[in-house]
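Contents: one structure, followed by commentary.
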Amino acid sequence: MNMTTASKITLIRVAFIPVFMAFMYLSGGQANPWMFAALGVFILASITDYIDGQIARKYNQVSDFGKFLDPLADKLLTIAAMVVFCEWGSFPAWALMIVLTREFAVTGLRLVAVGKGKVIAAGWSGKVKTASTMIGLCVMMAFPGVTLLSWIVVGVVVFTTVYSGVEYFIQNWKCLWD
């Protein structure tokens with residue numbers, strides 16, 4: 001397989017995840033150099049999401065592998081952060097469950113669609129969900145332990161997650177019954 005530059009950048013994002021998690025655990029959930037290192041790695045990994053998409057479109061490097069790996073890398077990165085925050089009590093398990101349910105449901109819908117020869121592209125609301133989640137998690141890392149801020153982030157994440165999930169199903173419900 002000849003891997004595109006865009007896919008290589010996406011793989012770098014995946015490779016950042018264990019480094020990010022190590023820094024998060026070393027921080028102990030406190031505002032210290034480890035937390036800021038985790039934040040730096042998370043920001044860098046998040047930026048690669050934008051860069052690989054730009055490269056894929058500009059240089060016609062859109063591939064099936066990239067279509068598979070890019071959203072997976074986003075989910076792994078953001079869920080890794082949410083799991084750590086959940087473990088620390090800053091991100092409630094019910095909210096994490098909503099995020100996981102949406103991700104599994106949309107992935108299942110996409111699999112059914114592919115089985116019927118249809119492709120469900122990433123929608124605008126899904127991109128807003130990803131961006132707002134990444135930004136919100138950055139805020140939680142920049143200001144660890146600030147309860148009100150954490151609850152605002154949780155609210156935004158849950159709202160954008162539910163909204164985008166409902167939108168995917170409303171726009172593509174026929175895939176389930178055709």
Just the residues that are touching a residue at least 60 places away in the same chain (Cβ under 8 Å) and either buried (at least 17 other Cβ atoms within 10 Å of the Cβ) or assigned to a helix (DSSP H, G or I) (or both), please, taken from the stretch 154-178.
V154, V157, V158, T161, V162, S164, G165, Y168, F169, N172, C175, L176
Residues that are of a type outside the set (V, I, T) and either part of a loop (DSSP other than H, G, I, E, B) or at pLDDT below 90 (or both), drawn from the stretch 111-126
L111, A113, G115, K116, G117, K118, A121, A122, G123
Scanning the stretch 119-151 for residues that are of a type in the set (V, I, T) and closer than 29 Å to G108 by Cα, which turns out surrounded by the most Cβ atoms within 10 Å (Cβ to Cβ)?
T133
Which of the residues spanning the stretch 74-110 are in a helix (DSSP H, G or I), buried (at least 20 other Cβ atoms within 10 Å of the Cβ) and modelled with pLDDT of 95 or more?
L77, T78, A81, M82, V84, F85, V99, R102
For residues that are in a helix (DSSP H, G or I) and surrounded by fewer than 20 Cβ atoms within 10 Å (Cβ to Cβ), tally how many sit in the stretch 24-34.
4
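The values are calculated or read from the model by the stated rules, or taken from the named source; none is laboratory data. What you see is a predicted model; the values in this text were computed from it and never measured. No Cβ is skipped: glycine too gets one built from the backbone with ideal geometry, and neighbour counts run over all protein chains shown.
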